[in-house]
Structures are given as C-alpha cells and as structure tokens.
1. When a footprinting reagent is the concern and you count Cβ atoms within 10 Å, what order do Met71, Met162 take, fewest first?
2. Taking the inverse of the average 1/r across all pairs of different Cα atoms in segment 165-232, what Kirkwood radius in Å do you get?
3. Enter the mean projected area of the convex hull around the alpha-carbon atoms of segment 66-193, in nm², rounded to one decimal.
4. Rounded to the nearest 500 deg cm²/dmol, what is the calculated helix-only ellipticity per residue at 222 nm for the chain, with -39500 (n - 2.57) per DSSP H run of length n ≥ 4?
5. Going through segment 1-68, which GluC sites (Glu not before Pro) have at most 11 other Cβ atoms within 10 Å and a DSSP loop state?
6. Taking a cut-off of 15 Å between Cα atoms, list the aspartates and glutamates near Lys80, but don't count ones fewer than 8 places away on the same chain.
7. For the chain, just list the percent of Cα-Cα distances falling in each 5 Å bin from zero outward, please.
Amino acid sequence: MAVEPETYVGKGLYTVRDVSRLARTSSQNIRRWIDGYVTRRNGRSIRHEPVLCSDYGRVENELVLSFLDLMQVRMVLAFKEYGVSLQEIRKAAIRAAEVLNDPHPFATERLYTDGRRVLAEITGEGRDPDLITLSQRQYEIHEVVIPLLYKGVEFNRESIAMRWWPHGTESPVVVDPDRNFGRPTVASCGVPAEILAQQVSVIGSIESVASWYEVSQDEVRAALDFERDFAA
C-alpha cells in the first residue's frame, strides 16, 4: 500500500541501503537488528528477537527507515565498538524504551556504557541524575564513556537527536530530517550533496557548479568529499 509523502516530512526517509551507507554497516546487519533472525544449534532453530524497531516498517514490501531509526543503528554500532554484546544491547533497548518512555531510546543523549553494559541517565524529582544498568535494572556507580557516535549529532531540548553532521560541524554537509527527507545536504543552500557531486562529474568543473548553484567552491568540494567517503 502506498504511503503519502507527508508521512515522511520531518522524519526522514531511508532505504536499508541508504542507512548501510551512512552508518557504515552491512544491509544484513540492519535487517537482522530490525526483523530478528534465526540460527541453528544442535539441530534446533533458535529465534533471535529484534534489537530495534522501524518507524515505517515495510512500504511496498521494502523495509524503510526514519532519521531516528538511522540514529539508533549508529548507536548499536557504537556500543558494539566498545565491546557490548548484541544480547546485552537487545535487553538494554527493551528496558530503555520503558525507562525513558521513548520508542527510540538509542536516539537520545541519555545513554552510556562501561564497555560491558548499557546505562541510562535517570533524573528523579529533587535529586541529581542517576545511572541505571538497563539489563539488570539496578542503580550503580560506574566509570562510563560517552559513545563516540554522539560526535556530530545535535540534540533538541528533550535530548533527542534532531540532525547529524557526518564529517563534524566544521563540514557544511548535514543529515537533517527536515530537509530533503533527510538526504545529506549542503546546509547553506539546501542542495543534496549527491546532486552537487553528480554535477561536477557531468560538467567537470567545481567552479562552474559552484556558480550555477550559488554556493562556494569549498562547499562543492565538501559535497564531493562526502560522497566519496560514504560511497556505497
């Protein structure tokens, strides 16, 4: 069943391949984390439940993801990079959604890790924030690290991710669900980085493309760098 374009406004719209490219992980990982998967051991089938959900599910039989889904995929990768097991991440995702009252807990700025477990920052009335070990539901004191993938992510007042600068805020390329359905875009002009890169390929001149789109040559170069760096 077709979905009206208005459904995606302000939420972003990505195929699994798009998220694979931007998050730098395989399409298989993304599908397994959202759909779950089955393995066999000693002749028995073992069902592994999903780690994440998708805002849209399937549209015309294709899995489609939102900006917050993309942010959650990146956070799973961050926790895995720090050494947290996928089983622990799965437990933490379920508990975090309850504790934070948010269907996209891994898209918030309230999660940490000690390298083995995922922790959430909980603020109670009249007291300083506490950290809770999500899988064990215990308040503890930990030496924690902030996942690297918070870098370049802007959060709103509710500590929910609202835009992402993949090459850092010094680059003009931004992933913003309010612009071009979340396609990587040159912030000053609103032109997708992919379009600028394609035009350079066709015309063969950074200067000409910059003049045509009324952007700086540095912005065109940044779009080229982005597309080369995140090439599928």
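Throughout, read-outs are computed from the coordinates displayed, never taken from laboratory work. Computed from a predicted structure; not experimentally measured. Cβ sites come from the backbone with ideal geometry, for glycine too, and all protein chains shown count toward neighbours.
1. Details: Met71 25, Met162 18.
Listed from fewest to most nearby Cβ atoms, that is Met162, Met71.
2. Working: mean 1/r = 0.0859 Å⁻¹.
Its Kirkwood hydrodynamic radius stands at 11.6 Å.
3. Details: hull surface 33.4 nm².
Computed as one quarter of the Cα hull surface, the answer is 8.4 nm².
4. Values: 7 runs with 78 residues, N = 232.
My calculation for the chain gives -10000 deg cm²/dmol from helical runs alone.
5. On the way: sites: Glu6, Glu60, Glu62; in loops: Glu60.
Passing both the DSSP loop test and the Cβ count: Glu60.
6. Glu88, Asp114
7. Over the chain, the share of Cα pairs per 5 Å bin runs 1, 6, 13, 16, 17, 15, 12, 9, 6, 3, 2, 1, 0 percent.
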